[in-house]
Each structure stands twice: as C-alpha cells, then as structure tokens.
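These notes concern the structure reproduced below.
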Amino acid sequence: MPAELSPVLPDEIFKIIFEKSPGSLLVKADAPHFTIMAANEAYLTITNATRELIIGKSFFRVFPDDDDDPEDETGARKTFAKVIQTGQKIDIPSYRYDTRDPETGDYRVRYWSCSNVPFNGPDGKVAYILNTIAEITGEVNAKEAAIESENRLRLAAEATGFATFDWDFKDEIRLCSPQLAELFGHPAGSRLSSIEAFQKQVLPEDKQVITSAFNEALKTGIYAYDIRVIWPDSSIHWLSIKGKLVTGERQKPVRMLGTVIDISEVKRDEIRKNDFIAMASHELKTPLTSIKSYIQVLSKKLAANNDAFVDNALSKANNQVNKMTDLIHGFLDLSKLESGKLQLKPELFDMNKLLGDSIAELLLSTYSHTIIFNDSNILNVTGDKEKLGQVIGNFLSNAVKYSAKGTKIMVNSTITDGFVIVAVTDEGVGIKLKDHKKVFHRFYRVDNEKIKNVSGFGIGLYLSAEIVQSHKGKIWVESTEGVGSTFYFSIPF
C-alpha cells in the first residue's frame with residue numbers, strides 16, 4: 001500500500017526519505033505543473049543542479065520533457081500522470097536524458113533508471129511522487145559496446161565462413177551461429193536438435209580424432225582438429241574445429257566454445273599437391289637409379305687406373321646421388337603421410353642394433369666426426385623398424401650437418417617409465433629456445449647465419465615427428481645456441 005503523507009511533510013519523514021535515498025526528488029502531484037518540493041544532495045550532484053534553481057519550480061521547467069513521440073512511454077510527464085491515475089509505483093529501467101556540463105557548457109549523453117513512488121494525502125489521493133534516479137550511462141555504453149562487438153563478430157564470421165558455438169554442459173545450453181548448420185549441409189539457421197545428430201555425420205574413422213582432441217583439451221584447455229563429415233546429399237566435406245574447453249572442479253568439463261570452418265577446398269589442394277609430389281618423386285627415382293648404376297660401373301672400370309682425381313670425382317657424384325635419393329624418399333613419405341597412405345609395419349627388433357647399424361651406415365659416407373655409442377645390450381621393442389631407422393638416420397645426419405668437423409656425436413638409449421628413449425647429442429651451432437618446437441613443423445628452417453648454406457627442405461624432422469607420434473611416442477629437443485643440441489624420441493617399451 002502507498003504510504004500516506006500530509007501535504008506538509010514533517011522534518012523527520014523528510015530526512016528519512018531524502019537522506020537515506022540515493023538521488024531523490026519530491027514532486028507535488030499538482031498536474032500539469034508537478035512542482036518540485038525538495039531534492040537531496042545526491043540528486044543535485046548527479047544532475048548538476050542547485051537547490052535554489054529547482055525548488056518551487058515546475059519539474060518540466062527544470063528538466064524539459066519531450067513528449068512529441070507518442071510511442072515513448074518513458075517520458076516523465078506520462079509517467080507522473082500514470083502514477084497519479086493508478087496510484088502504483090512505476091519503474092523506468094532505462095531512458096536517456098542529457099545534461100549540460102557546468103564547466104564546458106556542452107551537453108553530455110547520459111542514461112538513467114528511475115523509480116516513481118506515490119504518497120497519498122489525507123484525502124486518499126496521490127499528493128506527492130518520490131522520484132528516485134540512478135545513472136546507468138556506464139552500463140548502457142558497455143552493453144552497446146558488447147552488442148557492437150557481437151555484431152562485428154557475426155559479420156566477420158559471415159564474411160569468412162566461420163561458424164561459432166558455445167555449449168554449456170551444466171545447463172545444457174547450446175548456442176551456435178546460423179552458419180553452423182550450413183557447414184553440416186543443412187539450411188542456414190536450422191535448429192540444433194542435438195550434438196549427437198551432428199556427430200552422426202562424422203565419418204566413423206574420424207571419430208577417434210574427436211575423442212583424442214577432447215582428452216588433450218582436458219590437459220591443455222585447447223582443442224584443434226580436422227574431421228570429415230557426410231552431408232545429407234552424400235558429399236564429403238572437411239571441417240576444422242578449434243576452441244577452448246573450460247573445466248571446473250576436479251577437471252570436470254563445464255563448457256566448450258569454439259569455431260568451425262569448411263576447409264574442403266584446402267584439403268583438395270593438399271591432395272592434388274601430394275599426388276603431384278608423389279608422381280614427380282616416383283618419376284625421378286628411375287633416372288637417379290640409372291645414374292647411380294653408371295657411377296658404380298665407372299668406378300669398377302676405372303679402379304685399376306689408380307687415378308685419384310677420378311676416384312674422388314666419382315665418390316662425390318655418388319654422394320650427391322645419395323643425397324638426392326634421400327630427398328626424393330622424404331618427399332614420397334611426406335605425400336604418403338599427408339594422404340594417410342603411410343602405413344606402419346610393426347615387428348619385434350633390437351633398438352640398439354638398429355642404432356649401431358645406422359651409425360655404421362653413416363660412417364661409410366663421412367669420416368669428419370667421432371660418433372660414440374657403446375651400448376651392446378639387447379633392447380627389444382615393437383615398431384616399424386624401417387621408419388624408426390629413418391628417424392635415427394635423420395638425427396645422425398643433422399648432427400653431422402650442423403656441427404663442426406672433428407667434434408663428437410654421442411648416441412644413447414635408455415628405458416624410463418616404460419618408454420625407450422633414444423638421444424643424439426652434438427656439439428654444433430645449437431637452436432634458440434623459440435625454435436625448439438618449430439623445428440618439427442613442416443618446411444621450417446631455423447634462421448641462423450651459420451647454417452644458411454646447409455642444404456635441406458625442412459621435412460626430415462617433420463616426418464620424424466609424425467613417425468614417432470604414430471608409434472604413440474614423443475619427440476623433442478634440448479639445445480643451447482652455440483653449445484649444441486640433443487634430439488630425443490621415445491616409444492613405448
């Protein structure tokens with residue numbers, strides 16, 4: 001029930017109303033004037049007014065009200081009239097009323113919320129209205145900025161083909177942009193019936209990719225993976241999903257948000273590129289094999305001549321052919337890897353023997369370094385012997401290439417926590433900390449003046465990393481620039 005007040009308010013009640021209420025103004029219900037009877041300090045401060053200028057004056061003379069818009073129901077005149085008519089409190093959550101800056105004289109955009117409480121006189125009719133205001137300019141500006149940011153994000157997503165999603169596991173709230181349905185082959189804006197419905201469109205062989213990415217996100221908070229989906233018209237499309245997984249207590253997932261984009265054309269280009277590399281590399285193998293055969297025949301034919309120059313020239317030619325052969329094999333493996341055709345052939349073998357054989361093979365072509373490996377124990381593991389031999393060969397050849405002649409190369413194998421760890425240490429130029437992870441990226445070459453003349457395409461370590469990871473192992477490097485590097489890989493024992 002509205003409180004009853006006499007036309008003249010007692011001082012005690014006045015103090016309670018105006019000293020305890022933030023931004024309060026007492027208006028007499030003498031429509032259409034609505035005379036201002038009293039104002040507290042907070043009201044005067046936030047409106048840049050003075051008591052002398054407003055007390056006893058019409059509210060609309062002090063605060064001009066524009067009621068020209070018939071659709072606007074937030075105007076003070078309409079609001080006061082409704083309070084008198086209904087005898088009920090009326091709140092206006094948000095309205096704009098600009099005030100003049102007393103220092104500059106310029107008007108400043110300001111937003112307010114207000115409450116209008118009626119007080120009845122002895123006759124039971126509304127005699128006064130308590131108008132209490134609070135400035136919400138900051139909140140309104142923040143909200144408008146958030147809306148503008150959201151609109152920009154939406155326009156950017158539409159322009160780039162991105163779709164966004166936000167999935168709250170706890171409340172089962174699933175928010176996604178209209179583009180998400182299109183990326184799964186459905187009409188734009190189609191309602192997301194369930195996550196399971198979309199997951200059914202994922203190719204069965206790619207579902208493990210999602211599981212692995214989710215498990216990794218539980219550790220890092222970040223997930224990123226590419227999958228293939230089947231559209232309703234039976235066509236296959238590649239999607240790239242990236243985002244963040246939010247976890248709560250005990251690492252329990254509570255929210256997932258991210259972006260989705262169609263990368264089908266990029267994947268098709270990669271397939272065409274890999275097919276070209278595979279075809280070109282295969283065609284290059286035949287003439288190289290012939291050249292190598294001719295060099296071997298010449299070496300045997302001219303061996304009796306004891307011509308040092310000829311022997312040296314043929315030896316160098318043979319080395320260059322071997323380098324070219326290794327590069328071609330690398331490109332072939334790269335194309336197979338990226339097209340999913342690189343198959344492992346696991347077998348039980350002795351890792352230490354493989355290390356010894358790889359070192360012996362390297363020493364056939366280089367006498368510039370001392371390689372130390374003394375472990376003669378049998379270390380049986382299961383894996384693709386040929387592919388892991390490539391990894392070891394890559395570690396060893398890099399150690400030779402990136403360290404000075406006459407330096408030592410140390411090879412070690414150990415068993416730690418159920419993993420066989422192989423390490424190759426050199427005394428070479430070393431690698432900057434910022435490049436430690438990048439050296440395993442495809443085609444990445446370290447920017448270092450000391451090695452700018454060293455040949456290579458930056459695929460050896462990339463292939464090594466993929467081979468090791470396919471064995472459920474890890475690959476990494478520890479290095480100090482100017483001191484040397486140790487390359488490691490581990491596979492389950």
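The values are calculated or read from the model by the stated rules, or taken from the named source; none is laboratory data. Keep in mind that this is a model prediction, so the values were computed, not measured. Heads up, the Cβs are rebuilt from the backbone with ideal geometry, glycines too, and the neighbour counts pull from every protein chain shown.
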- Query: Residues of the range 349-385 being more than 15 Å from Val411 (Cβ to Cβ), touching a strand residue (DSSP E or B) at 6+ places or on another chain (Cβ under 7 Å) and among the hydroxyl-bearing types (Ser, Thr, Tyr), which ones?
  - Reply: Thr382
- From Lys244, Lys219, which residue is within 27 Å of Arg152 (Cβ to Cβ) and outside any loop (DSSP other than H, G, I, E, B)? Lys244
- Taking the range 130-144, which residues are in a strand (DSSP E or B) and of a type outside the set (A, V, I, L, M)? Asn131, Thr132, Glu135
- Message: Here is a check on your reading of the model: is Ala146 touching an Asp or Glu at 6+ places or on another chain (Cβ under 6 Å), loosely packed, with under 14 Cβ neighbours inside 10 Å, at pLDDT below 85 and of a type outside the set (D, E, K, R)?
- Response: no
- Query: Do we have any residue at all in the range 318-327 that's out of contact with any strand residue (DSSP E or B) (no Cβ under 8 Å at 6 or more places or on another chain) and farther than 24 Å from Leu362 by Cα?
  - Reply: no
- Test each condition in (1) farther than 25 Å from Val27 by Cβ; (2) at pLDDT 85 or above; (3) among the β-branched types (Val, Ile, Thr) for Thr160 and report the one that comes out false. (2)
- Message: Any residue that is loosely packed, with under 14 Cβ neighbours inside 10 Å and under 17 Å from His471 (Cα atoms) - is there at least one of those in the range 393-405?
- Response: no
- Message: Here is a list: Ala303, Ala278, Ala313. Which entry is at pLDDT below 85, in a helix (DSSP H, G or I) and farther than 22 Å from Asn394 by Cα?
- Response: Ala303
- Query: Among the residues of the range 212-239 satisfying the criterion of being among the hydroxyl-bearing types (Ser, Thr, Tyr) and over 12 Å from the mean Cα position of the chain (by Cα), which is surrounded by the fewest Cβ atoms within 10 Å (Cβ to Cβ)?
  - Reply: Ser234
- Scan the range 320-332 and give yes if some residue there is loosely packed, with under 15 Cβ neighbours inside 10 Å, modelled with pLDDT of 80 or more and among the charged types (D, E, K, R), otherwise no. no
- The one condition in (1) of a type in the set (D, E, K, R); (2) touching a residue at least 24 places away in the same chain (Cβ under 8 Å); (3) surrounded by fewer than 19 Cβ atoms within 10 Å (Cβ to Cβ) that Asp417 fails to fulfil: (2)
- Message: Being out of contact with any Lys or Arg (no Cβ under 8 Å at 6 or more places or on another chain), modelled with pLDDT of 75 or more and not in a loop (DSSP other than H, G, I, E, B) is the filter here; which residues of the range 182-207 pass it?
- Response: Glu182, Leu183, Phe198, Pro204, Glu205, Lys207
- Evaluate the following for Thr220: is it without any contact (Cβ under 8 Å) to a residue 40 or more places away in the chain and among the polar types (S, T, N, Q)? yes
- Please note which helices (runs of 4 or more DSSP H) are completely contained in the range 1-76 and include at least 3 residues that are modelled with pLDDT of 85 or more and more than 53 Å from the chain's Cα centre (by Cα). 51-54, 59-62
- Item | Test result for Thr366, hydroxyl-bearing (Ser, Thr, Tyr) and not in a loop (DSSP other than H, G, I, E, B) | no
